[in-house]
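Notes follow the structure.
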Amino acid sequence: MANIKDLKKDINFLMEEVIETCFLHYHLRGETPEKREEIDQIIDDIIVTRNNLIHKINNPEVDGEKGPGKKFFNEILEEMMQKADEAFDKLGAAEK
């Protein structure tokens, strides 16, 4: 990870990709109101996730005088990837 700015860009990029994929499925597979509600929920969840991750970066919980360490940012990266994978899994399940 180069810096915080790049991490925020990565979060925004990945979450936008998830949302774009949801919109694609929404227009291609969202024939029923139930399917549309499922996809809307996935979009809402990913927006909340994005906002929470950015908030964590902007307001890190720091122990002591030093700033957040590499472990803190690696945990954010792991959470970002996990949430994106979960969203894609939910989207795949909604397609069936």
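Among the residues here, ALA87 does not qualify as among the hydrophobic types (A, V, I, L, M, F, W, C), surrounded by 13 or more Cβ atoms within 10 Å (Cβ to Cβ) and over 13 Å from the mean Cα position of the chain (by Cα).
The set of residues from region 1-57 being over 17 Å from MET81 (Cβ atoms) and not in a helix (DSSP H, G or I) comprises ALA2, ASN3, GLY30, GLU31, THR32.
Here, each number is a calculation from the coordinates, and none is a lab measurement. What you are looking at is a predicted structure, and each value in this text was computed from that prediction instead of being measured. Virtual Cβ from ideal backbone geometry, glycine too; neighbours counted across all protein chains shown.
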